[in-house]
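The values are calculated or read from the model by the stated rules, or taken from the named source; none is laboratory data. All values derive from a computational prediction rather than experimental measurement. In this analysis, Cβ positions are derived from the backbone assuming ideal geometry, glycine residues included, and neighbour counts consider all displayed protein chains. Note: accessible area is taken over every heavy atom of the protein model, side chains too, but ligands, DNA and RNA are not part of it. Shrake-Rupley method; radii C 1.70, N 1.55, O 1.52, S 1.80 Å.
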Amino acid sequence: MWWMMGEAGGHYCSKKTDSICGGVCSQETGRFFSFSRLCCALRGVDMKTYIFLLVIVPTCVLAGYIHGQKISYFLRPLWESPPKPFHDIPHYHHENATMETLCKLHGWGVRDYPRRVYDAVLFSNELDILAVRWRELYPYITQFVLLESNSTFTGLPKPLVFAAHRDEFEFVEPRLTYGSLGGRFVKGQNPFYEEAYQRVALDQLLRIAGITDDDLLLMSDVDEIPSRHTINLLRWCDEVPKILHLRLKNYLYSFEFLVDNKSWRASVHRYETGKTRYAHYRQSDEILADAGWHCSFCFRRISEFIFKMKAYSHNDRVRFSHFLNPKRVQRVICKGADLFDMLPEEYTFKDIIGKMGPIPHSFSAVHLPSYLLENAEKYRFLLPGNCIRESE
């Protein structure tokens, strides 16, 4: 056997190798043609390896691209520990029980007069659910405070929806403090920065509304609706925690799809000047059980679903354009499946597996906001058995 180095250096060939591989080795340059080198490299590879390289590997890459987020969420228990459990406060209520009795059952005293209550929200486009919220809370709210922006959290321009429909909410006008905020429209910025910016502006609007020390401040998204009797309890009882989270029943798309009772971000604060800041994260360990409803993505029109999917802080979940297809959105709603094709956000394999698949249909409309039932025809899309949404 003899060896020859090509003029370009680094490529070797032999007469024996050339003969076996069927390639051509130039005596002048000592270079193999490309197909000859490939042939030599692969000659010893068996069929199983070919299948692995040409079929299995590309399939795994494609599956990782399509389902990578699912895989990450399924493995969440391996890389993230569950948060510290809340201290659940049992919730007692009966319409015929006196307030003194109810406060005593909770371990609280009763006041001589009720606290003032401020309900403050950031508004995007949730007109229907806002009406249900305000009608539910109306008897016990001192001041409704609403802030809207001409920008979504993701920096998309949007109209001032509430301003355009303000006449539909005349019943709260004497108690309404309204503000609008110009968006910053910063491209590529994390949506949570814009959200935080708007929440700071809401702090300023609350001061304009006249909130003072020891008033109750309700911090929650528009679709996180405390029950009327919960707010009445907290305004009449003394010695309630300074910051109290509210555990809400968690619904998706309508009150037909009950996910669980784990919604916890809504909170009630005894306001302290210079200390209380409007926020939407965990701020205490105390939580009051069965305090209301959280109806997420509860819209009348398909276009509203699509707008929110693109506009809210988790818009990165729209991984493929077909997620926004109106026909697909309608199918997903009626099925009770996930709009973003995601696995449940849980911290144990048991909870993840237990919640996989569509949400079971519920046919109970018991213990829902009274205004919703009193106006069932108008809000039929929020009640069980009515999953079809308006196309426009």
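With respect to D223, determine if the residue is out of contact with any Lys or Arg (no Cβ under 7 Å at 6 or more places or on another chain) and more than 30 Å from E100 (Cβ to Cβ).
When the stated conditions are applied, D223 passes them.
Report yes if R300 is under 28 Å from P139 (Cα atoms), among the charged types (D, E, K, R) and either in contact with a Phe, Trp or Tyr (Cβ under 9 Å, 6 or more places away or on another chain) or modelled with pLDDT under 95 (or both), otherwise no.
yes
Filtering segment 103-129 down to residues that are aliphatic (A, V, I, L, M) and more than 34 Å from the chain's Cα centre (by Cα), which residue is least open to solvent (accessible area, probe 1.4 Å)?
Ranking the candidates gives V110 first.
For segment 222-258, name all the residues that are touching a helix residue (DSSP H, G or I) at 6+ places or on another chain (Cβ under 8 Å) and under 22 Å from M309 (Cα atoms).
Those that are touching a helix residue (DSSP H, G or I) at 6+ places or on another chain (Cβ under 8 Å) and under 22 Å from M309 (Cα atoms): V222, D223, I225, Y253, S254, F255.
Which of the residues spanning segment 130-152 are open to solvent by 30 Å² or more (accessible area, probe 1.4 Å), part of a loop (DSSP other than H, G, I, E, B) and at pLDDT 95 or above?
Residue satisfying the conditions is T142 alone.
Would you point out the residue of segment 69-102, among those that are over 30 Å from the mean Cα position of the chain (by Cα), outside any loop (DSSP other than H, G, I, E, B) and in contact (Cβ under 8 Å) with a residue 12 or more places away in the chain, that is farthest from G292 (Cα to Cα)?
M99
In this structure, is V259 open to solvent by 20 Å² or more (accessible area, probe 1.4 Å) and within 23 Å of P384 (Cβ to Cβ)?
The answer is yes for V259.
Report yes if some residue within segment 182-198 is modelled with pLDDT under 95 and within 23 Å of E286 (Cα to Cα); otherwise report no.
No, segment 182-198 contains no residue that is modelled with pLDDT under 95 and within 23 Å of E286 (Cα to Cα).
I'm checking my understanding of the structure. Among residues of segment 54-102 that are at pLDDT 95 or above, among the polar types (S, T, N, Q) and open to solvent by 70 Å² or more (accessible area, probe 1.4 Å), which one is farthest from S267 (Cα to Cα)?
Looking at residues that are at pLDDT 95 or above, among the polar types (S, T, N, Q) and open to solvent by 70 Å² or more (accessible area, probe 1.4 Å), I get N96.
Within segment 309-327, can you find the residues that are among the basic types (K, R) and either touching a His at 6+ places or on another chain (Cβ under 9 Å) or modelled with pLDDT of 90 or more (or both)?
Once the filter is applied, which keeps residues that are among the basic types (K, R) and either touching a His at 6+ places or on another chain (Cβ under 9 Å) or modelled with pLDDT of 90 or more (or both), segment 309-327 yields only K327.
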